[in-house]
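A short worksheet on the structure shown next.
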Amino acid sequence: MSPTPTEAAGRLREALGRILIGKPQPIEQLLISLFAGGHVLIEDVPGVGKTTLAKGLAHALQADFKRVQFTPDLLPADIVGSSIFNPKEAAFDFKPGPVFANILLADEVNRASPRTQSSLLEAMSEGQVTVDGKTYPLPRPFIVLATQNPVEFHGTYPLPEAQLDRFAVQMDLGYPDRAHEVDMLYSQVERHPLEGMSPILTCAEVMALQQEVRRVTVARPVADYIVKIVAQTRQHPSVRAGVSPRGSLVFQRTAQARAAIAGRDHVTPDDVKAVAVPVLSHRLMLETKAKYSGVRKADVVRGVLGEVPVPV
């Protein structure tokens, strides 16, 4: 019997909590995005566990996992694949790239050129890639976990807005506190926690859970609340471009996922407010003055939540 979203999330939360100690909120955001069928962008300094979290999720889901280290000389064909001439057949054979996986870790995605970054757009939006005029479907489920260094680091390119809009959630991990960092040291004395990690779900079960999330009810007043929040981001004086309609859809889907994980068959305004910052912040384009005045996108979203009346 397939697990419910609550049961599945509980098992994954426990397993991932053993490899990323003291970080329940990022793990929860990852699970919400997974059940919503979305991609995740993790922005933080090197060495805080971004890659470990991605590998842990792949272990837990028994998923086909590929990792690409993004560098300035990386080409689109290095990701999606290319056609290679076969002299025996006198024809071109397609050689799939690493994007043909259930979980793709795009490590330091903002170190590659915008041209290379854009090669992921079709894959992330439609679950397919087109090479030499022929379309190839990707495995299901397909999830991109991208990591990036803050843009002030040397050798990085800011992700284009169109690329950012494809990520359901953006989050950071941050440094662990002292007690949890000590626990981390002891947990890896003999071996890495990943080595003893048991499978939790299958890819087929993940797909079934994602379909179950879609059946969570969103009452019209709650949907109206979502749209009012999105509309307010478009009118905010510090924002040049607000959340897109694609963002509205992801906003609703992640709220459904949070409700399903909590064991409810309907979305509440609290679900909407809980996912607003990680889902909406990275979709905002700030005005130049606001950008260089230190205005933070997350604070803009929190301010909008305080302005829009909560439905009863």
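Here, each number is a calculation from the coordinates, and none is a lab measurement. What you are looking at is a predicted structure, and each value in this text was computed from that prediction instead of being measured.
Here are a few things to note about the model shown:
- Whole-percent P(r), the range 215-312, all Cα pairs, 5 Å bins from 0: 2, 15, 26, 23, 16, 9, 5, 2, 1.
- The range 215-312: relative contact order in percent, alpha carbon pairs under 8 Å with at least 6 residues between: 37
- With the biggest extent put first, the Cα atoms of the chain measure 69, 45, 41 Å across the principal axes.
- Relative frequency of Cα-Cα separations exceeding 19 Å in the range 66-124, percent: 32
- Pairs exceeding a 30 Å alpha-carbon distance, out of 23/297; 23/273; 50/297; 50/291; 23/95: 23/95.
- Relative contact order [Cα under 8 Å, 6+ residues apart], the chain, whole percent: 22
- The chain: calculated mean residue ellipticity at 222 nm from DSSP helix runs of at least 4, using -39500 (n - 2.57): -13000 deg cm²/dmol
- Its residue count N fixes a reference of 2.2 N^0.38 Å for the range 118-193, and the Cα radius of gyration divided by that reference is 1.60.
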